[in-house]
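All of the numbers you see were taken from the coordinates with simple rules; none came from a lab. For clarity, every value in this text was computed on a predicted model and none was experimentally measured. Cβ placement follows ideal geometry from the backbone for every residue including glycine, while neighbour counts extend to all protein chains displayed.
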Amino acid sequence: MKIAFIGLGNMGGGMAANLVKAGHEVHAFDLSQEALARAREAGCEPFTAVPDAVAGVDAVVTMLPNGGIVKAVYTADVIGKAPEGALFLDCSTIDLATAREVTELARGAGYEMVDAPVSGGIAAANGGTLTFMVGGSDEAFARAGAVLEPMAKAVIHAGESGAGQVAKMCNNMLLAIHMIGTCEALKLAEKAGLDPQTFYDISSKSTGYCWSLNDYTPMAGVGAASPADNDYAGGFAAGLMLKDLRLAMDGAATAGAKVPMGEHAKAIYEAFVEAGGAGKDFGAILTTLD
Ligand code: NAD
């Protein structure tokens, strides 16, 4: 297939490279010349304008920072410029309202579109082991599989348009809550005189087990290897987690859902980011408990 890939940053760069490895012809576009140069090295064909990149393709994949940018790119340069029948896949994490609006605009112009946000982070983007949560019609989902499989560990149909973004915001709200809880439990164990590694050995096999504790232990030298062992460099930035929590709180307000722990998690990450922690891995909340 010929696939246009727009947004070749931390995530998109590795994802586009995996499409090339799977044998697809990948047309790359990014505003950053550096990102574009990396894409060329990975075997993509670089373009300097979106309409040229999407000309003649079977599918367009976007991996962009936020909903405003996603809407601007599709309305200005993709809808009406990509060939009739091309499939659009937006893999960015964006607000539900924009995801649904852009899909409607695409459908109105005769294109199928799915929202397909991901879980797994940069290592999974590079390794081709992302989990895709896909919102769209049965037909669009069936077509999306061939594009997503080379980048995926799992591709799951969440439901109609927007359902992928709903799954993503719920997942990341839960992740924020159990990360904060994990940090509190590790520090409580330590302060109450229990060796945190012993606490890990017990709780990771008890009802306290969760991904934050078992697989991404946020205390240096304890449990699983994680960015905590590298002074919280790399990993999933607290600033991105705050963005996702804001999307979840907006989604909860629109849906009329009560999310008191989600609101609390947002306030905790807001304070951490305001204190200069935006670039630290989100497990660095542990350092605020000393
Ligand atoms: P990033 O900032 O590294 O990459 C975004 C890229 O988009 C940049 O290269 C930027 O130059 C480019 N860009 C911005 N505006 C553009 C435009 N108008 N046209 C073309 N290119 C443009 O961000 P990222 O970490 O790759 O994240 C991308 C998306 O994936 C976000 O929505 C993020 O929430 C989501 N996500 C990130 C992670 C993670 O661990 N980083 C995990 C899951 C989901």
Review point. Among 151, 219, which comes first, second and so on when ranked by fewest other beta-carbon atoms within 10 Å?
Key: 219, 151
Review point. Hey, which of these cross-link pairs are over 23 Å Cα-Cα: 153/266; 2/81; 21/153; 187/243; 71/280?
Key: 153/266; 187/243; 71/280
Practice item. Would you calculate the separation in nanometres between label points at residue 204 and residue 75, each defined as 7 Å from the Cα along the Cα-to-beta-carbon direction? Key: 4.9
Point to revise | Other-chain or far-sequence residues with amide H under 5 Å of residue 5's (modelled H) | key: 27, 28, 29, 61
Check your understanding: Under a plain spin-label model, where a point goes 7 Å from the Cα along Cα-to-Cβ, how far apart in nm are residue 41 and residue 275?
Key -> 3.7
**Study point:** Neighbour-count ranking [beta-carbon atoms within 10 angstrom, fewest first] of 137, 203, 92
**Key:** 137, 203, 92
Review point. How far is helix 163-191 tilted, in degrees, relative to the longest principal axis of the Cα atoms in the chain, given as a value from 0 to 90 rounded to the nearest 10?
Key: 20
Review point. What ranking do 74, 269 get, fewest neighbouring Cβ atoms within 10 angstrom at the top?
Key: 269, 74
Check your understanding: Using Cα atoms only, what is the angle between the long axis of helix 238-255 and the major principal axis of the chain, expressed in degrees (0 to 90) to the nearest 10?
Key -> 80
**Study point:** region 2-159 - share of DSSP beta bridges that are antiparallel (%, nearest 5)
**Key:** 10
Exercise for review: Could you compute the FRET efficiency for residue 231 and residue 129, with r as their C-beta to C-beta distance and R0 at 30 Å, rounded to 0.05?
Suggested key: 0.70
**Study point:** Degrees separating the helix 138-148 axis from the principal Cα axis of the chain, which is the longest one
**Key:** 80
Practice item. Calculate one ³J(HN,Hα) per residue across region 277-287 by plugging θ = phi - 60° into the Karplus curve 6.51 cos²θ - 1.76 cosθ + 1.60, and present them in order as whole Hz with x for glycine and proline. Key: x, 3, x, 7, 4, 5, x, 5, 3, 3, 6
Practice item. Select from region 1-101 those GluC sites (Glu not before Pro) which occupy a DSSP coil region and have at most 13 other Cβ atoms within 10 Å, ordered by residue number. Key: 84
Review point. Given H placed on each backbone N at 1.01 Å, which residues far from residue 10 in sequence or on other chains put an amide H within less than 5 Å of it?
Key: none
Check your understanding: Rounded to the nearest 500 deg cm²/dmol, what is the calculated helix-only ellipticity per residue at 222 nm for the chain, with -39500 (n - 2.57) per DSSP H run of length n ≥ 4?
Key -> -14000 deg cm²/dmol
Check your understanding: For region 187-235 and region 1-78, what is the separation of their Cα centres, given in Å?
Key -> 38
